[in-house]
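Asker: Got a structure here, written out as structure tokens. Questions coming.
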Amino acid sequence: GGSTATQTLATDATAALTANGFTRTGYTFAGWSTTAVGAVAYTDGENYTMGTANVTLYAQWTANNNTITFNGNGSTGGSTATQTLATDATAALTANGFTRTGYTFAGWSTTTVGTVAYADGADYTMGTANVTLYAQWTAIDYTVTFDPQGGTPTPADETVAYGALVTDPGDP
């Protein structure tokens, strides 16, 4: 966004460059280059001496650092350190360090009740702002075996997720 006015100078004249008016979300203006992908040759407002021909200066940008915060979302222990990535950079997410009694870690979501968007350690490409990822959990299944202590019939085993109620097998 934004704009920067064209500046007119006579040959061999020196003047401060017009202040940068461009913006780029997620980036900070680094200075001006004489090529589209070149190194910064002039800082904002630096003096410039005009040559004998028109020149185009190209804005150069430095990616901002953004933070990924990991939320345990019901965890009962552990922690996961925040991670810093530059805008548009891709890196593996910090390994999950949270635990939750009776649950296994399923992955990371962008909302507290969302579906898993990123597996543990998955590659993540940083956007232009800080982000919070929320741990998603899957309840561990347990097998409940009923022992009728010599009675009949023997009720069938039941698979029950952690925290769920066991169905009454009835009176043998």
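Asker: List, please: which pairs have Cβ atoms under 9 Å, are six or more places apart or on different chains, and start with a residue in region 151-172 that is touching a residue at least 60 places away in the same chain (Cβ under 8 Å) and end with one that is part of a loop (DSSP other than H, G, I, E, B) and open to solvent by 70 Å² or more (accessible area, probe 1.4 Å)?
Answerer: That search, which allows pairs on different chains as well, returns 162/101.
Asker: Now for a separate question. Here's a check for you: in region 31-67, which residue that is under 30 Å from residue 110 (Cβ atoms) and either hydrophobic (A, V, I, L, M, F, W, C) or open to solvent by 80 Å² or more (accessible area, probe 1.4 Å) (or both) is nearest to the chain's Cα centre (by Cα)? Let's see the steps before the verdict.
Answerer: To start, the set of residues in region 31-67 that are under 30 Å from residue 110 (Cβ atoms) comprises 61-67.
Pick out the ones that are also either hydrophobic (A, V, I, L, M, F, W, C) or open to solvent by 80 Å² or more (accessible area, probe 1.4 Å) (or both) and you get 61, 63, 65.
Values: 61: 20, 63: 14, 65: 11 Å.
Of everything passing the filter in region 31-67, 65 is nearest to the chain's Cα centre (by Cα).
Asker: Determine whether region 4-23 contains at least one residue that is of a type in the set (Phe, Trp, Tyr), touching a residue at least 24 places away in the same chain (Cβ under 8 Å), open to solvent by 40 Å² or more (accessible area, probe 1.4 Å) and under 30 Å from residue 117 (Cβ atoms).
Answerer: Just the residues of region 4-23 that are of a type in the set (Phe, Trp, Tyr), to begin with: 22.
Cutting the leftovers down to touching a residue at least 24 places away in the same chain (Cβ under 8 Å) gives us 22.
Remaining after also requiring open to solvent by 40 Å² or more (accessible area, probe 1.4 Å): 22.
Imposing the further condition that a residue be under 30 Å from residue 117 (Cβ atoms) reduces the set to none.
Taking every residue of region 4-23 in turn, none turns out to be of a type in the set (Phe, Trp, Tyr), touching a residue at least 24 places away in the same chain (Cβ under 8 Å), open to solvent by 40 Å² or more (accessible area, probe 1.4 Å) and under 30 Å from residue 117 (Cβ atoms).
Asker: Next question, about the same structure. Among 133, 165, which is open to solvent by 60 Å² or more (accessible area, probe 1.4 Å) and of a type outside the set (D, E, K, R)?
Answerer: Numbers: 133 fails: open to solvent by 60 Å² or more (accessible area, probe 1.4 Å).
Result of the check over 133, 165: 165.
Asker: Let me ask you something else. For region 100-117, indicate whether the set of residues that are closer than 30 Å to residue 67 by Cβ, within 13 Å of the chain's Cα centre (by Cα) and in a strand (DSSP E or B) is non-empty. Break it down into steps so the answer makes sense when it comes.
Answerer: Just the residues of region 100-117 that are closer than 30 Å to residue 67 by Cβ, to begin with: 100-101, 103-117.
The next check asks that each one be within 13 Å of the chain's Cα centre (by Cα); those that pass are 108-111, 117.
Checking which are in a strand (DSSP E or B) leaves us with 108-109.
Yes, region 100-117 contains at least one residue that is closer than 30 Å to residue 67 by Cβ, within 13 Å of the chain's Cα centre (by Cα) and in a strand (DSSP E or B).
Asker: Among the residues of region 6-40, which ones are assigned to a loop (DSSP other than H, G, I, E, B), closer than 29 Å to residue 89 by Cβ and touching a strand residue (DSSP E or B) at 6+ places or on another chain (Cβ under 9 Å)?
Answerer: Here is the first cut: in region 6-40, the residues assigned to a loop (DSSP other than H, G, I, E, B) are 6-13, 17-21, 23-26, 34-40.
From what is left, the residues that are closer than 29 Å to residue 89 by Cβ are 19-21, 23-26, 34-40.
Scanning region 6-40 gives 20, 21, 23, 24, 26, 34, 35, 36, 37, 38, 39, 40.
Asker: Tell me, please, whether a residue that is surrounded by fewer than 11 Cβ atoms within 10 Å (Cβ to Cβ) and within 13 Å of the chain's Cα centre (by Cα) can be found in region 118-129. Before the answer, list the steps.
Answerer: First pass over region 118-129, keeping only residues surrounded by fewer than 11 Cβ atoms within 10 Å (Cβ to Cβ): 123, 125.
With within 13 Å of the chain's Cα centre (by Cα) added as a condition, the list becomes 123, 125.
Yes, region 118-129 has at least one match.
Asker: Looking at region 74-115 only, could you name the residues that are open to solvent by 20 Å² or more (accessible area, probe 1.4 Å), farther than 19 Å from residue 140 by Cβ and of a type in the set (Ser, Thr, Tyr)?
Answerer: 79, 82, 84, 90, 94, 110, 111, 112, 115
The values are calculated or read from the model by the stated rules, or taken from the named source; none is laboratory data. Please read all numbers here as calculations on a predicted model, not as lab measurements. We place every Cβ from the backbone using ideal geometry, glycine too, and count neighbours over all the protein chains shown. Each accessible area value is taken on the protein alone, full model and side chains, heavy atoms only, with ligands, DNA and RNA left out. Shrake-Rupley method; radii C 1.70, N 1.55, O 1.52, S 1.80 Å.
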